[in-house]
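Notes to accompany the following structure.
Where a number appears in this text, it was derived from the coordinates with a stated rule and is not lab data. Computed from a prediction, not measured in an experiment: that's the story for all the values here. Virtual Cβ from ideal backbone geometry, glycine too; neighbours counted across all protein chains shown.
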Amino acid sequence: MDLSGSELARLIAAKAVSPLEVVTGYLDRIDRLDPQLHAYITVCREEALAGAREAERAVLRGESLGPLHGLPLAVKDQFDTAGVLTTCGSTILEGYVPTTDATAVARAKEAGAILLGKLNMTEFAAGMGDRYKYSGAAKNPWNLERSPGASSSGSGIAIAASLCSIALGEDTGGSIRGPAALNGITGLRPTWGRVSRHGMFPFSWSLDAGGPMTRTVEDAALVLGVIAGHDPKDPQTSRLPTPDYLHGLKDGLEGVRVGLLREFMDPSDADGEVLAAVRAAASQMGELGADVGEASLPMLEELGTAPAIISESDGAAAHRQWLNDRPEEYGANIRRRLLAASLLPSQVVHKAARMRALFRREWLKLFERFDVLISPTSPSVAGRIEYVEGVTGRAEAERRFGGGKSATFPAAWAGSPAMSLPCGFSSDDMPIGLQVMASHFREDLVLRVGRHYQESTTWHAMRPELGFLG
Amino acid sequence: MSDLTFQEVAALAKASGVVVSEDDLEEVTHRLNVTITGVEEFSHPDLDSVNPLPFRPLEEVDDS
């Protein structure tokens, strides 16, 4: 259970490990641990066992195996899965059983992955505040009183607690990278258009991106190579060829220009332990041959609520009918958030869209000086699990929704790739996430920098002690 | 711009065909006011000349 997906795939292909033993082992672990962690909404027990038996037969027959052959895969419940309940974390979709797979899921299965189940998530992938609708509160395996992050909560938990080998998540403004940081795993948001959104329930058409959540950067490269590429069912997917991401990992860091993004290194905004861990990671990259300097984009301080205007007005449009017809089935936070976004004046939305275009232009200029940018993924480690019952005044609304600076939003807003990977632990033993960002379609650089950093550190190999759960 | 009142937001919702219950009206109003004022101060010399496209055209990406 402690092997990475890449290691496991190699052992399965070498007939050193049986896919059936692997799947059975993960199912046993889910039975023991998930009643407390709540990573899964649906476990596909019989289907997974049948898939494992078939995978084993294929190995024994000496068939040509796909790159994910025999690997137990779990996916956020935002992805359609043929014949399997798909709720998107909402009771509105209770009973929805798609007849086809989302393209990303279909490609993973074609590459040999075995679907183990569907993972818990916040309602409609819309962030924090409301209670989870299924399975109970998702819990951080490093401390069961702490949050696992949102919205790909179950994906973060399942990888950290070894309840699956590889996972898929979705990231609108940080929903892969946030849970990756808080649970101490690797999570990659690809360039917008790199991975098909077909069959992935939308929140924001212009921001949503599906991607891998894994134990290691090598696993992320392995999974991305399978799910990326043009899809006629999603016309916005790029026709650029998909690089061999695994091959690209071999190049070193000599001469790679790394920029530490100043705006997210402010001690008044982020915990000292987080900043120290990220500075240490920057130094480590320098030791590995990278040319590390300071990067800055002052516009990051000036965006206010513009990122929220874009994502939430997109979300309001996607939910308009259900908001009117079935409002009581939404949590109060997401309902009020989408209702407010439904009423935004067009001039305000238009201004935010122009701000995004300007921001993207300035963001891309940074990559003329740097190959990658780095920052903390989150300014703090996971906090206590909290549910918010609503705001009672203008001042509280200003404090909560007034446009605080988020390190995960720049890459999402620009449509460029970004990855979170572990870079340390706090004094109370919670994981700290390092974010690596690059220009459009340069996942190869993000993965290369992350891989070489991981090869020289052991943070990604740390696992939560869960023996007390059963 | 001064904040919208509860009554103005209720009227805006009605005109837009958006159903906002009495229970939700106060928070929706506060959220809306905070969101609108959150971009009021932003200014940039190119703000009115840039096209509000979410992403670079794919052919531009192909050249990069």
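How much net charge surrounds A:Ile92 when only other residues with a Cβ under 12 Å from its Cβ are counted (Lys, Arg +1; Asp, Glu -1)? Net charge in that neighbourhood comes out at -2. Per-residue mean of foreign Cβ neighbours for A:301-308 is 4 (Cβ atoms of other chains, 10 Å radius). Using Cβ point charges alone (K and R +1, D and E -1), the dipole size of the protein assembly as shown about the Cα centre works out to roughly 720 debye. The calculated pair-distance distribution of chain A uses every alpha carbon pair, bins of 10 angstrom beginning at 0, and gives 4, 22, 34, 27, 11, 2, 0 percent.
Relative to the longest principal axis of the Cα atoms of chain B, helix B:6-16 runs at roughly 60 degrees. Model label sites at B:Ala11 and A:Ser346, defined 7 Å from Cα along the beta-carbon direction, differ in position by 2.0 nm.
Partner shielding of A:340-347 amounts to 6, given as the average count of beta-carbon atoms from other chains within 10 Å of each residue beta-carbon. How far is the Cα center of the range A:8-52 from the Cα center of the range A:247-320, in Å? That distance is 35 Å.
In what sequence, highest mean first, do A:51-63, A:442-454, A:97-109 appear when ranked by Cβ atoms within 10 angstrom?
On the way: A:51-63: 15.5, A:442-454: 24.5, A:97-109: 20.6.
Those peptides, ordered most packed to least, come out A:442-454, A:97-109, A:51-63.
Put simply, the amide H of A:Arg257, placed in the peptide plane, has neighbours under 5 Å in A:Asp291, A:Asp371, A:Val372, leaving out anything fewer than 5 places away on its chain.
With each run of n ≥ 4 DSSP H residues scored as -39500 (n - 2.57), what mean residue ellipticity at 222 nm is computed for chain A after dividing by its residue count and rounding to the nearest 500 deg cm²/dmol?
Working: 15 runs with 180 residues, N = 470.
Calculated at 222 nm, the ellipticity per residue is -12000 deg cm²/dmol.
In the protein assembly as shown, taking the dipole from charged Cβ atoms about the Cα centre, the farthest positive-side position among A:Thr91, A:Gly210, A:Pro72 is held by A:Pro72.
When 1/r is averaged over all different Cα pairs and the result inverted, which Kirkwood radius in Å belongs to the range A:84-209?
Working: mean 1/r = 0.0676 Å⁻¹.
For the range A:84-209, inverting the mean 1/r across all distinct Cα pairs yields 14.8 Å.
Taking 30 Å as R0, compute the FRET efficiency from the Cβ-Cβ separation of B:Met1 and A:Asp271 and round it to 0.05.
Numbers: r = 36 Å, r/R0 = 1.21.
Given R0 = 30 Å and the Cβ-Cβ separation, E is 0.25.
Taking amide H as placed 1.01 Å from N in the peptide plane, A:Gly424 has its amide H under 5 Å from the amide H of A:Ile432, each at least 5 places away in sequence or on another chain.
Averaged over the residues of peptide B:11-24, the number of Cβ atoms from other protein chains lying within 10 Å of each residue's Cβ is 4.
When the helices of chain B are scored as -39500 (n - 2.57) per DSSP H run of n ≥ 4 and the total is divided over every residue, the value at 222 nm lands at -15500 deg cm²/dmol.
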